[in-house]
Amino acid sequence: QLFEVDLKPGETKYVTIAETTPVQRSLELASPDAIGMLQIYVDSAEASPAFKAQLEAILATHKAGVDLDDKIATLRDQRVEYRERQGELHGQLVTLKMVKTSGPLMASLRQKLMEVSDAIQKATVAIVDAQEQIMLTRVKFENQIAELHLDEPRMPLARDR
């Protein structure tokens with residue numbers, strides 16, 4: 001490579017030549033690392049307002065999906081507890097059938113068994129509803145990413161600051 005350097009007669013100049021290689025980086029925007037980086041970028045003052053608004057919407061949608069995943073896990077745990085309680089109540093009812101003077105207690109246990117059964121059914125319906133909401137949230141998230149427009153020429157790197 002040739003570089004033009006203007007010199008006067010008898011003059012000496014020192015020239016530093018630095019070579020760089022362009023670097024591209026790909027991110028899976030749904031990954032925890034990428035979400036964390038997007039949050040840091042949104043929190044910085046460097047993002048344009050339009051781009052920042054797009055990223056904030058993406059982050060909000062992602063948080064909604066994570067919250068739904070947590071809700072489903074909690075509902076499943078509750079359903080397991082209800083099923084264990086249902087088994088206990090059923091065992092107690094079988095035991096009480098052998099005792100002839102267990103009328104009021106038997107009715108009470110049957111009522112509790114019905115309540116636990118209803119709670120299991122409600123938890124199952126809530127899980128299905130949350131799974132539907134997750135599906136819709138994922139589609140919304142993917143659409144937001146597909147429609148993401150970078151109106152800045154490039155995002156500044158940490159070493160550029």
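The values are calculated or read from the model by the stated rules, or taken from the named source; none is laboratory data. Since we're looking at a predicted model, the values are computed, not measured. Virtual Cβ from ideal backbone geometry, glycine too; neighbours counted across all protein chains shown. We work out accessible area using only protein heavy atoms, side chains counted, and drop any ligands, DNA or RNA first. Shrake-Rupley method; radii C 1.70, N 1.55, O 1.52, S 1.80 Å.
Comparing Cα centroids, the stretch 13-49 and the stretch 67-101 end up 52 angstrom apart.
I'd like to check one number: the per residue accessible area of the chain, probe 1.4 Å, reported in Å² as a whole number. Don't skip to the answer; put the middle values down first.
Working: 12530 Å² over 161 residues.
For the chain, the solvent-accessible area averages 78 Å² per residue.
The reciprocal of the average 1/r between distinct C-alpha atoms defines the Kirkwood hydrodynamic radius, which for the stretch 1-77 equals 17.4 Å.
Segment Q121..A18, full-extension length gain: 30.2 nm, with 0.36 nm per residue of separation and the alpha-carbon distance subtracted. Of the residues K112, K8, ranked by 1.4 Å probe accessible area with the largest first, the sequence reads K8, K112.
Report the number of Lys pairs in the chain whose alpha-carbons are under 29 Å apart, with separation of 8 or more residues or on distinct chains. Lysine pair count for the chain: 14.
What the Cβ-Cβ distance of L105 and E84 gives, at R0 = 22 Å and to the nearest 0.05, is a FRET efficiency of 0.60.
Each principal axis of the stretch 1-44 carries a Cα extent, and these read 61, 24, 11 Å when sorted largest first.
Expressed as a whole percentage, what fraction of the accessible surface of the chain belongs to carbon and sulfur atoms when a 1.4 Å probe is rolled over the protein heavy atoms? The partial results should precede the final answer.
On the way: 7010 of 12530 Å².
So the carbon and sulfur contribution to the accessible surface is 56 percent.
Please give the contour-minus-distance gain from R76 to K112: 0.36 nm per residue of separation, less the Cα-Cα distance, rounded to one decimal in nm. Mind dumping the intermediate values first?
Working: separation 36, 0.36 × 36 = 12.96 nm, distance 2.01 nm.
Roughly 10.9 nm would be gained on extension.
Derived scalar couplings between HN and Hα for the stretch 36-47 equal x, 5, 5, 5, 5, 5, 5, 6, 7, 8, 7, 6 Hz in order, rounded to whole Hz, by the Karplus curve 6.51 cos²θ - 1.76 cosθ + 1.60 (θ = phi - 60°), x for Gly and Pro.
Distances between placed amide hydrogens fall under 5 Å for L148 paired with no residue 5 or more residues away or on another chain.
Per DSSP H run of n ≥ 4, the term is -39500 (n - 2.57); total these for the chain, divide by its residue number, and report the mean residue ellipticity at 222 nm rounded to 500 deg cm²/dmol. It would help to have the intermediate numbers written out before the result.
Values: 3 runs with 104 residues, N = 161.
Taken over the chain, the calculation gives -23500 deg cm²/dmol.
The C-alpha atoms of the chain occupy a region whose extents along the principal axes are 121, 28, 25 Å, arranged from largest to smallest.
Dipole magnitude for the chain: computed about the Cα centre from +1 point charges on Lys and Arg Cβ and -1 point charges on Asp and Glu Cβ, it is near 1140 debye. Is the stretch 79-132 best put as rounded, prolate or oblate by its Cα gyration tensor, with a ≥ b ≥ c the root eigenvalues, rounded for a/c under 1.5, and otherwise prolate when a/b is larger than b/c, oblate when not? Prolate, since a/c reaches 1.5 and a/b exceeds b/c.
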